[in-house]
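The values are calculated or read from the model by the stated rules, or taken from the named source; none is laboratory data. Everything numeric here is computed off the predicted structure, so don't read it as measured data. Every residue, glycine as well, gets a Cβ built from its backbone with ideal geometry; the counts of neighbours run over all protein chains shown.
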Amino acid sequence: MTHIALNWKNAFLVVAGVLLCASCNRQKVSDGYTDTLNEGTIPVAVDESLRPIIDQEIAVFENLNVAAEINPIYCSEVRAIELLLKDSVRVAITTRMLSSKELQVFKAKKYMPRQERLAVDGIALITHEDNPDSLISVPQLRKILTGEITRWDQLYPGSSLGEISLAFDNTNSSTVRYAQDSICKGVPFATERIYAQKTNTDVFEYVSKTPSAIGVIGVSWLDNAADSTHLSFKEGVQVMEVCAFDPVDPEVSYKPYQAYLALRHYPLTRDLFVLCSDPRQALSTNFSTFLTRDIGQRVILKSGLVPATQPVRLVHVKDEY
């Protein structure tokens, strides 16, 4: 009798174990993620204008975490945040924090995402390398975007370049949003002579072939990896100096050098953010934490951008004649 009771007890434990495993399997299917803190594969949505710096970050992170794989989805900022809201990714790297409306989506899930500042970045204006005109003010740029200025001779009397064409990466990009919100202050663009490419690489190519063009790109695309001082930019285009006000004053016009980003002297600066929604506290949490801590911030520093959570030492470089 005792033997039979034990068999029934064992059978009950087996059934309970099977049910528990089935429950675990159902949880995995509904969650869609099987990664741990240091192992596994995860997708990460990234604003395409930040691709050069995030490629570097991923390379360093994977070198330190050999069992981890980060699959970046480079896309528009609009798409990156969409993917985060839909739980298609647990990390998005963008140039803005979530809006109150977007946070309500997470509030309904009873889990609020972590939002941390990652770096100080900027919007760069590039022109054809043979363009002799390299100074512009923010008010002038606003007038170009809104259609009040359409020709180069309105900026530089005597210029023979003709009509100005303006190139962005794509219509849903963070550079377009920055131009609308921070430069035009909500005034609509004049769509004539404003061209949407697909990527920042396409903007480079367009500007390098179009003498009358101004390209609008993220600063990280300008990094000259061979120059550790960050006092030069990638070759093939010219980078404009920007003055915050009219009339343009060369003495207070700046290129997006690292020091001028750090001091906010360059007028077209912006912040970068890492948005993490990872209730499981797994690989997505590890990667987002890495980005805002010591090693990840040092990668930012070496890229020519300004780290958000680490002290920055500015060194005056004296010209020698």
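Brief remarks follow.
- Of note, residue 81 does not satisfy the criterion of being in contact (Cβ under 8 Å) with a residue 24 or more places away in the chain, more than 21 Å from residue 173 (Cβ to Cβ) and not in a loop (DSSP other than H, G, I, E, B).
- None of 68, 80, 108, 45 is assigned by TED's automatic domain parsing to the domain that holds residue 297, crowded, with 19+ Cβ neighbours inside 10 Å and more than 15 Å from residue 273 (Cα to Cα) except 68.
- Flag for residue 117 being in a helix (DSSP H, G or I), among the charged types (D, E, K, R) and over 30 Å from residue 158 (Cα atoms): no
- Test: residue in the stretch 51-62 that is more than 22 Å from residue 177 (Cα to Cα), outside the structural domain of residue 178 (by TED's automatic domain parsing) and without any contact (Cβ under 8 Å) to a residue 12 or more places away in the chain: yes
- Residues that are surrounded by 19 or more Cβ atoms within 10 Å (Cβ to Cβ), under 24 Å from the mean Cα position of the chain (by Cα), outside any loop (DSSP other than H, G, I, E, B) and at pLDDT 90 or above are absent from the stretch 147-160 altogether.
- In the stretch 97-111, residue nearest to residue 304 (Cα to Cα) [restricted to those that are touching a residue at least 24 places away in the same chain (Cβ under 8 Å) and in contact with a Leu (Cβ under 9 Å, 6 or more places away or on another chain)]: 97
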